[in-house]
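Report on the structure given below.
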Amino acid sequence: MAIRKILTQGDPVLNKVCHPVTKFDDKLADLLDDLRETLDSAKGVGLAAPQVGILRRAVIVVPNPEIDEMVELVNPEILAQEGEEDGLEGCLSIPGMWGYVKRPTWVKVRAQDRHGNWFEMEGADLAARCFCHELEHLDGHMYDEHVDRLYTSEEMDAILSEEQEPEEENSSRKHARRRVGRRRG
Ligand code: NI
């Protein structure tokens, strides 16, 4: 396993359409292992193969950051979606920036695992957002295409600290909510 370099915006690879994975071999397993290690090291909630320069349809997602379990999706596609919600997003390929993006509140995804077996998964709220964010990387798109403007981390700190929160809420819970609220894929 190895930590791979995450490409940043401006690299033309990030705007290319990825090819389907057709071989479920050791090379794919190595890629998925490296994506896991790279995502873990970057402390993100999702990472797509093109972000490390590989134009194949494979992503890693962390649907629930509280559990912190990584899910591998090969050749993923969205089968169904419902609702719409504006929420905060960041991307490991656009470091230090954040933006509000409208995403479905629920999605059903179909994908293959590293052995080629098809499975379906549903995700609501933050998980749905994570699926949508990662899957669009595979078609060369990034979240900043959907935002009115991007905010720096300092601007986000100011916005989030101004948000009214219940007084009884203790500081560690507030902290956890902010951490979950500010996700990067
Ligand atoms: Ni991203």
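Just so you know, all these numbers are worked out from the coordinates, no wet-lab data involved. No experiment lies behind these values; they were computed from the predicted model shown. So basically every Cβ, Gly included, is an ideal-geometry build from the backbone, and we count neighbours across all protein chains shown.
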Quiz item: Does anyone have the angle between helix 26-42 and the longest principal axis of the chain? Alpha-carbon axes, 0 to 90°, nearest 10?
Solution: 10 degrees
Self-check item: Net charge over other residues, Cβ less than 9 angstrom from the Cβ of Glu120 (K, R count +1; D, E count -1)
Solution: +1
Exercise. Quick one: grab Rg to one decimal and Dmax as a whole number for region 27-110, Cα atoms only, in Å.
Key: 13.4, 38
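Place the peptides 71-81, 4-14 in order of packing, highest mean first, counting for every residue the other Cβ atoms within 10 Å and averaging per peptide.
My ranking of the peptides, most packed first, is 71-81, 4-14.
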Exercise. Starting from the Cα of Lys5, draw a straight line to each of the lysines and keep only those under 21 Å, dropping any in the same chain fewer than 8 residues away.
Key: Lys16, Lys27, Lys43
Quiz item: What dipole magnitude, in Debye to the nearest 20, does the chain give about its Cα centre under +1 on Lys/Arg Cβ and -1 on Asp/Glu Cβ?
Solution: 660 debye
